[in-house]
Each structure stands twice: as structure tokens, then as C-alpha cells.
Amino acid sequence: MYEGAIQDLIDELGRLPGVGPKSAQRIAFHVLSSDPSDVKRLAQALTRVKELVRFCTRCFNVAESDLCRICRDPRRSDEVFCVVEEPKDVVAIERTGEFRGRYHVLGGAINPLEGVGPDNLKVRELMMRLADGTCKELILATDPNTEGEATATYLALLVKPMGLNVTRLASGLPVGGDLEYADEITLGRAFEGRRAV
């Protein structure tokens, strides 16, 4: 469509997840019309994140040192691990303020169609962390989709011989949702996970 630098920027923005051609074009023209100091700050932030941010050597969450802030926190319980797919899932759980244990980030979920198996995830590292016997409960907080369910089932079977209490996050109806719009799987899970009031 365009030529030169603006088309290069549109093309690069379009490679980002969730950014389609029209969004890439809107962002590119926003950058073009922005104050140069704003654009410079954005470019510096992008450069800094690639230079400074890495993955925690223990749990594989994002970190700016060998260990993330959660792994460095001595107040966290070593008896409960929460297994998630991605670092963004850690942030979602931390926002609730309900979990005070440790995390383990798998780096994805089992997806044979995409060529992702257990060997492509941080499963071996999880097993090494569990081997010392400190952990008493393993919470499987993978996404409630086909890949997440397959991953949770695989992990549950893998750790069963260790005698751990393995739990799965409840799933079901969102607060404020209407029953008539719920799909069968979500509604079925809501029935399975019901509790006394």
C-alpha cells in the first residue's frame, strides 16, 4: 500500500499478536503524528524490555534478575504450587490477592496440532521442583480450553504417584453473566463445581 518506512512500520506492527492490518495502520499513523519524545520513550521501552527482562530460573515467570520477585519473597508458602501456562496468568492470579504460594510457568500448553508436546514445556523442571517433597498441593490453573484441559490431565497423571493433593481451578459462569448465553461446557462445569451456600 504505502512505501518506505511507514509500510515497514505497518508490516512490523501487523506481526504482533492480535494486531490486524487495519489496527497496524492506525497505530503506525498514530506514531507518525505523535510527539517525537513520546515515540522515543516507546522505542526505549521496547529496547529496554529486550535487554533487561528474562525468565526466572526457578519458576519461569518474567524477571529482571535470576529470580522473579515472587520466588525471592520469603513469605510465600513452598507447600502450594500453582501451575500456569504463561507469565500473564501469574499477574491475573496475583491481582486476586488470594494465592500466597509459589508458581510454575509452563510456557504454553500441550497442543499436538501446533506440534507442542510436554517436552516443549517446562514439565521436566516442574518435576525437579516437586522432587524434594516440600510441595503438598499442586493447583492446575491452565486455561479452560482443550489444550489447557489436556495439559492439566497430563500433569495430574504424571504427579499422581508423588502423593500430592492435585486440584484444578473451578470454572463455570462468570459473575454478571446470563444462563441463556452460557455454552453447554461452561454450564456443565458450573454444575460440577457447585458448592453449598
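Apart from one condition, ARG168 fits all of (1) among the basic types (Lys, Arg); (2) touching a Phe, Trp or Tyr at 6+ places or on another chain (Cβ under 6 Å); (3) under 21 Å from ALA190 (Cβ atoms); the exception is (2).
Which count do you get for residues in region 1-42 that are more than 28 Å from the chain's Cα centre (by Cα) and among the basic types (Lys, Arg)? The number of residues fulfilling the criteria is 1.
Taken together, GLY148, GLY133 contain a single residue that is at positive phi, out of contact with any Phe, Trp or Tyr (no Cβ under 9 Å at 6 or more places or on another chain) and modelled with pLDDT under 95, which is GLY133. Number of residues in region 46-91 that are without any contact (Cβ under 8 Å) to a residue 40 or more places away in the chain, within 27 Å of PRO144 (Cβ to Cβ), part of a loop (DSSP other than H, G, I, E, B) and out of contact with any Cys (no Cβ under 9 Å at 6 or more places or on another chain): the value is 3. Evaluation of VAL31 against the conditions (1) surrounded by 14 or more Cβ atoms within 10 Å (Cβ to Cβ); (2) within 27 Å of HIS104 (Cβ to Cβ) shows that the sole unmet condition is (2).
Residue-by-condition table, conditions (1) outside the structural domain of THR142 (by TED's automatic domain parsing); (2) at pLDDT below 95:
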position	(1), (2)
VAL62	yes, no
VAL80	no, no
VAL83	no, no
ASP89	no, no
GLY97	no, yes
GLY101	no, no
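What strands (runs of 3 or more DSSP E), lying completely within region 101-197, carry at least 2 residues that are without any contact (Cβ under 8 Å) to a residue 40 or more places away in the chain and touching a helix residue (DSSP H, G or I) at 6+ places or on another chain (Cβ under 9 Å)? Spell out how you get there, then give the answer.
Numbers: elements: 102-105, 137-140, 165-168.
Hits in region 101-197: 165-168.
Might you let me know whether region 15-28 holds any residue that is assigned to a loop (DSSP other than H, G, I, E, B), modelled with pLDDT of 95 or more, of a type in the set (Ser, Thr, Tyr) and not assigned by TED's automatic domain parsing to the domain that holds MET128? Within region 15-28 (the criterion being assigned to a loop (DSSP other than H, G, I, E, B), modelled with pLDDT of 95 or more, of a type in the set (Ser, Thr, Tyr) and not assigned by TED's automatic domain parsing to the domain that holds MET128), the answer is no, since none of the residues qualifies.
If only one of ARG189, ARG168 is surrounded by 12 or more Cβ atoms within 10 Å (Cβ to Cβ), touching a strand residue (DSSP E or B) at 6+ places or on another chain (Cβ under 7 Å) and of a type in the set (Lys, Arg), which one is it?
On the way: ARG189 fails: touching a strand residue (DSSP E or B) at 6+ places or on another chain (Cβ under 7 Å).
The match here is ARG168.
Among all positions in region 42-58, there is at least one residue which is touching an Asp or Glu at 6+ places or on another chain (Cβ under 7 Å) and either of a type in the set (Lys, Arg) or surrounded by 12 or more Cβ atoms within 10 Å (Cβ to Cβ) (or both).
Do we have any residue at all in region 125-139 that's more than 21 Å from ALA92 (Cβ to Cβ) and under 18 Å from the mean Cα position of the chain (by Cα)? Show your work before the answer.
Start the filter on region 125-139 by keeping residues that are more than 21 Å from ALA92 (Cβ to Cβ), which leaves 125, 127-136.
Adding the requirement that they be under 18 Å from the mean Cα position of the chain (by Cα) leaves 125.
Yes: one or more hits.
The values are calculated or read from the model by the stated rules, or taken from the named source; none is laboratory data. Quick caveat: nothing in here was measured; it's all calculated off a predicted structure. Glycine also receives a Cβ, built like all others from the backbone with ideal geometry; neighbour counts cover every protein chain displayed.
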